[in-house]
Amino acid sequence: MTPGPVDLAIWLSIMPSLGKRLCWIVIAALVGLGVLLIARTPWDHPVTTALGPSAPTTVALERGTTRLAKALQFRTVSYQDRSLIDTDAFLSLHQYLEAAFPATHRTLTREIVNQYSLLYTWPGRNPELPPIILLGHLDVVPVEPETEARWTHPPFSGVISGGYVWGRGAMDMKVAVLGVLEATEMLLEDGFVPHRTIILAFGHDEEIGGEAGARQIAARLRLRGIRPALVLDEGLAIVDGAIPGIDTPIAFVGTSEKGYLNVELIAETEGGHSSMPPEKTAIGLLASAVDSLETHPMPHHLDGPARSMLEALAPTAPFFQRVALSNLWLFGGMITTLLEQKPATRALIRTTVAPTIMEAGVKENVLPSRARAVLNIRIHPSERLDDALAYVRRTVADARIRIRPMEGVRSEPSPISSSDSPVFLLLRRTIAQQFPDTHVVPSLVLGATDSRHYADLGDTIYRFMPIRLTMEDAARIHGTDERLSSENYREVIAFYAQLIRNSSDWRP
């Protein structure tokens, strides 16, 4: 029905009043929204000192750094080609640790697992209590030959200089193995006996998957019916300056880690002379497939460890960031857009697919009949191995390309351990006691650690190593000039000693 003059007159007469009412409704809604946002936003900076004082820990630093430096001299390098591994170096390291930590080797039971891994058991006064397991690994990654000349000190010299211990393994991760043993030795010398059993598990092949080391140790513990109260492995650390606008050092604790899968793509054509190329060569087919995967990534997930991390960061952030991080229900889309802009944060919220190997061709004027690519896939906890493989098949969608999951290391994303559990609170308390300048935040480990082999032993697995990192230092891990400050090593030893003390007295 078309409105008549009377209808229009009525509408025009009420419009000014209606406009004012709408204006007030909008203002009231905005005020209400602002009140809601502020009410949901934490305003007090975390008070870590309220978590209780630490017991005094006196670390014999010179003795400790000397022993760490000596351990770095053993070339316990893991190579993908296992025939290149110097197994004698691992046995020599075993002998050195036995001589360097006499109280530990008198008191704890030591088992050698699969020739080169070590498993220590420190019986507690109450064997009924579930134990804690502290993980580490004895192996290190190779040093690229062309980079050796760029090291300040040779990578296996184990030099103490300028307030640092230098060498491969100083950060990843002989520091944890030696730090745990130093803490154990120190506590034994003080006459300490734990209330609950402490298990130290040091694999020998973490850098190439942990199948021969950590997996075998975990299997042995599984046969014994071990259900630990806590499993602590490497994974994340204390990072300073990682997030713009946040000045507080952040102690990131991994509550989960991504899954791992390698997928092979193979394109085959007739080949021939390069002067008469077909419309699509084997290389072209493969390049198109990789381009499709890179331009059509898997969907993002602002949930699980990512959401927990962002919400936990809120109390340390400036005003507007704090409001946004505390109200992801409203600002989640905007924050996701920001996270997508950098590789490290993009990987936090989605499954990533990275082409790492491309192989084809033997001569510049010969069309290769076969081209091969390898995709390294790191799977978000919201997805599974089958989801990732199905995505690759769906995105490539070309019958001329064979898609095959590769043999070898593969793992589902780990279950997510709670960041509100009593065990996490115990860990947070220990970090706060030894590093009171930090703020503890749960997060996701993007790489793979030995802890994944322990997944079926319990749901309280966390990934944290008490080393301090700047963004510059992070490049030293697996890189050139790996080093650790002597002062940070003192903190490492004190942290593990405090964790053993706290876990001994702790009741969930």
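The values are calculated or read from the model by the stated rules, or taken from the named source; none is laboratory data. Note that the coordinates shown come from a computational prediction; the quantities given were computed from them, not determined experimentally. Heads up, the Cβs are rebuilt from the backbone with ideal geometry, glycines too, and the neighbour counts pull from every protein chain shown. Surface accessibility is based on the protein's heavy atoms, side chains included, excluding ligands, DNA and RNA. Shrake-Rupley method; radii C 1.70, N 1.55, O 1.52, S 1.80 Å.
Which of Ser83, Leu93, Ala312 sits closest to the plus end of the dipole of the chain, meaning its Cα is farthest towards the positive end, when Lys and Arg get +1 and Asp and Glu get -1 on the C-beta?
Selected residue: Ala312.
Of the heavy-atom accessible surface of the chain (probe 1.4 angstrom), what whole percent is carbon and sulfur?
57
Want the number for Ser418 to Asp456: 0.36 nm per residue separation, take away the alpha-carbon distance, what's left?
Length gained between Ser418 and Asp456: 12.1 nm.
Could you provide, to the nearest whole Å², the per residue accessible area of segment 239-354 with probe 1.4 Å?
45
So if I take the centroid of the Cα atoms in segment 474-508 and the same for segment 300-352, what is the distance between those two points in Å?
Taking the Cα centre of segment 300-352 as reference, the centre of segment 474-508 is 28 Å away.
In debye, nearest 20, what is the charge dipole magnitude of the chain about its Cα centre with +1 on Lys and Arg Cβ and -1 on Asp and Glu Cβ, if you could check?
1000
I need the Debye-formula profile for segment 369-444: one equal scatterer per C-alpha, no solvent, reported as log10 I(q)/I(0) at q = 0.17, 0.24 1/Å, two decimals.
Debye output, listed in q order: -0.79, -1.15.
Quick check: residue separation of Glu211 and Arg63 times 0.36 nm, minus the Cα distance between them. What number comes out in nm?
Roughly 49.9 nm would be gained on extension.
Bin all alpha-carbon pair distances of segment 87-235 at 5 Å intervals from 0 and give each bin's fraction as a whole percent.
In order of increasing distance, the bins hold 2, 8, 17, 21, 19, 15, 8, 5, 3, 1, 0 percent.
State the three equivalent ellipsoid semi-axes of the chain, derived from the C-alpha gyration tensor as the square roots of 5 times its eigenvalues, in descending order and whole Å.
45, 37, 20
Can you give the longest run of the chain that contains no GluC sites (Glu not before Pro) sitting in a DSSP loop with at most 12 other Cβ atoms inside 10 Å?
Between exposed loop sites, the widest span is 129-269.
Give, to the nearest whole percent, the P(r) tail of segment 355-483 beyond 20 angstrom, counting all Cα pairs.
I get 65 percent for the Cα pairs in segment 355-483 exceeding 20 Å.
Name the lysines eligible as straight-distance cross-link partners of Lys363: C-alpha to C-alpha under 19 Å, and not fewer than 8 places from it in the same chain.
The qualifying lysines are Lys280.
For Asp303 and Val409 in the same chain, what is the full-extension length gain: residue separation times 0.36 nm, less their Cα-Cα distance, in nm?
The Asp303-Val409 span can extend by a further 35.5 nm.
For Lys70, list the lysines whose Cα falls under 26 Å from its own Cα; do not include residues on the same chain fewer than 8 positions away.
Lys174
For segment 323-400, take N as its residue count and report Rg(C-alpha) divided by 2.2 N^0.38 Å.
1.59
Based on the Kirkwood radius over alpha-carbon pairs, what is the Stokes-Einstein translational diffusion coefficient of segment 136-215 at 4 °C with 1.567 mPa s viscosity, in µm²/s?
Rounded to a whole number, D works out at 88 µm²/s.
Kindly provide the Kirkwood hydrodynamic radius of segment 195-291 in Å, to one decimal, from all pairs of distinct alpha carbon atoms.
After inverting the pairwise mean of 1/r, the radius is 19.4 Å.
Answer with one residue from Val143, Ile133, Pro102: the one whose Cα lies farthest towards the positive end of the charge dipole of segment 96-164, charges on Cβ with Lys, Arg +1 and Asp, Glu -1.
Ranked along the dipole, the leading option is Pro102.
Among the trypsin sites (Lys or Arg not before Pro) within segment 210-266, which fall in a DSSP loop and have no more than 14 other Cβ atoms within 10 Å of their own Cβ?
Listed in order of number, the matching sites are Arg224.
Which one, Ala474, Phe74, Gln434, is farthest towards the positive end of the dipole of the chain when Lys and Arg carry +1 and Asp and Glu -1 on their Cβ?
Comparing the listed Cα positions along the dipole, Gln434 ranks first.
Rg and Dmax of segment 84-163 over Cα atoms: what are they, in angstrom?
17.2, 54
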